[in-house]
Amino acid sequence: MQRACAAALLSKGITTILNPGSSNDDKAALDVITKLGASILSIGPAELVISSEGVQPVGDELNCGESGLGIRMFTPIAATSGKSLRVTGTGSLLTRPLHFFDEIFPALGISIRSNNGFLPIDITGPLKPASITIDGSLSSQFLTGLLMAFGAAGAGDAQITVSNLKSKPYIDLTISVMREFGITVEHDDYRVFRFPVKGEAFMPCIYQVEGDWSGGAFLLIAGAVAGRVRIEGLDPASTQADKAILQALRSAGAALTIEGTNIECEPAALNSFHFDATDCPDLFPPLVALAAYGAGVSEITGVTRLEHKESNRGITLKEEFGKLGVRIDLDGDLMKVLGGKDLRGNAVHSRHDHRIAMACTVAALAAKGETVVHDAEAIDKSFPEFYNQLKQLGASISSN
């Protein structure tokens with residue numbers, strides 16, 4: 001949804017987005033593109049219509065809310081304008097490191113001043129595409145922003161060389177969205193990215209937003225531990241990284257049935273599993289909920305990708321699941337979850353992290369006794385319908 005909003009901004013004309021999202025991150029993206037010159041002609045649960053003539057800022061400040069993707073994607077896009085702009089955010093976004101921009105923007109002709117590598121950021125463009133080399137180990141979202149901005153600015157022969165790229169499937173998603181909007185991006189095994197067709201421009205289209213595997217993963221885990229769940233609209237052939245939850249569910253022995261884009265999951269005798277989440281770190285929270293109910297010790301690698309999320313998720317998962325009676329050991333890049341024991345209800349805290357709130361809730365569905373999730377409204381960041389959907393499945397959930 002956020003990528004489609006960015007592409008609609010960069011397209012001259014009217015774009016229709018089908019199945020639009022309504023999370024706080026999605027709302028922040030819509031606010032940003034309107035500040036950058038787009039107009040929302042109509043919006044509803046089934047369809048969003050956006051008109052744009054490209055990046056033409058109408059103000060001098062952009063607020064990306066708490067969206068990590070938003071700040072990393074829209075900052076380079078905003079820099080395609082020649083106007084001086086301040087980019088900021090709220091909550092946990094204020095503590096996320098953005099030194100990347102300080103290091104890269106001067107090579108692209110962009111003047112930048114940050115708060116010692118943190119928000120707010122003051123930028124003055126316009127971005128001038130040039131061949132650069134970047135480090136992709138912190139987040140692939142920086143590369144997403146550069147690809148979008150280079151495409152909008154007419155990349156020409158400029159190439160982006162990337163070392164240590166993480167979360168490659170998210171780049172596949174970016175390239176897929178750009179292709180739908182008329183921009184071709186090629187790469188050499190994710191090391192060198194180029195724009196082979198000269199003169200291409202973002203073009204408006206009718207774009208259908210896929211069902212979200214990141215949110216769907218929590219519902220599938222709920223099915224594996226608490227009761228049968230059938231989800232419609234998740235495409236197993238998607239480029240989304242988090243479809244890998246299916247692999248983890250199979251490894252854990254969950255009962256899965258897949259018919260096209262309809263997936264059923266129901267409880268079974270779960271066992272421990274091994275899973276590499278380096279390229280899909282957002283799966284760590286639901287994976288821990290799954291591992292908590294699997295007999296034995298599950299091992300999940302990729303912990304170093306968790307430090308700069310809404311919370312330091314490795315430590316947060318260890319501490320909050322510990323309150324439910326689940327032991328988690330952290331050893332460098334490895335997380336070990338000692339599962340298979342009865343979970344007990346308790347008071348936990350989301351740490352203002354949407355995925356922690358959902359993970360604790362899913363784990364609580366089959367725990368003994370009542371669990372209270374404090375700051376539960378953190379889910380609004382990505383999945384505001386989460387609790388209501390669990391209620392529709394028969395879960396006993398109340399709010400204060």
Would you please list the contacts, defined by Cβ atoms under 6 Å and residues six or more apart or on different chains, that run from a residue in segment 75-91 that is closer than 12 Å to LYS35 by Cβ and assigned by TED's automatic domain parsing to the domain that holds GLY125 to a residue that is buried (at least 23 other Cβ atoms within 10 Å of the Cβ) and among the β-branched types (Val, Ile, Thr)? SER81/VAL55; LEU85/ILE123; VAL87/THR75; VAL87/ILE121
Please go through segment 303-354 and give me each residue that is at positive phi and touching an Asp or Glu at 6+ places or on another chain (Cβ under 8 Å), ordered by number. GLY325, ARG351, HIS352
Pull up segment 347-375, narrow it to residues that are assigned to a loop (DSSP other than H, G, I, E, B) and over 23 Å from the mean Cα position of the chain (by Cα), then point me to the one that is nearest to GLU319 (Cα to Cα). THR371
Kindly list, by first and then second residue, each pair from a residue in segment 326-347 that is over 25 Å from GLU307 (Cβ atoms) to a residue that is part of a loop (DSSP other than H, G, I, E, B) and basic (Lys, Arg), limited to pairs with Cβ atoms under 6 Å and residues at least 6 apart or on different chains. ASN346/LYS323
Out of the residues in segment 67-85 meeting the condition of being of a type in the set (A, V, I, L, M) and farther than 14 Å from PRO120 by Cβ, tell me which one is nearest to the chain's Cα centre (by Cα). LEU69
Out of the residues in segment 191-226 that are part of a loop (DSSP other than H, G, I, E, B) and within 19 Å of the chain's Cα centre (by Cα), state the one that is nearest to GLU47 (Cα to Cα). VAL209
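Okay, residues lined up against (1) in contact (Cβ under 8 Å) with a residue 12 or more places away in the chain; (2) charged (D, E, K, R); (3) surrounded by 24 or more Cβ atoms within 10 Å (Cβ to Cβ):
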position: ASP279; (1), (2), (3): yes, yes, no
position: PRO286; (1), (2), (3): yes, no, yes
position: ALA291; (1), (2), (3): yes, no, yes
position: SER298; (1), (2), (3): yes, no, yes
position: THR301; (1), (2), (3): yes, no, no
position: ARG305; (1), (2), (3): yes, yes, no
position: LYS309; (1), (2), (3): yes, yes, no
position: PHE321; (1), (2), (3): yes, no, yes
Please work out if GLY227 is small (Gly, Ala, Ser), in contact (Cβ under 8 Å) with a residue 12 or more places away in the chain, in the same structural domain as LEU69 (by TED's automatic domain parsing) and more than 23 Å from ASP282 (Cβ to Cβ). no
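The values are calculated or read from the model by the stated rules, or taken from the named source; none is laboratory data. Treat the numbers as computed from the prediction; the structure is a model and nothing was measured. We place every Cβ from the backbone using ideal geometry, glycine too, and count neighbours over all the protein chains shown.
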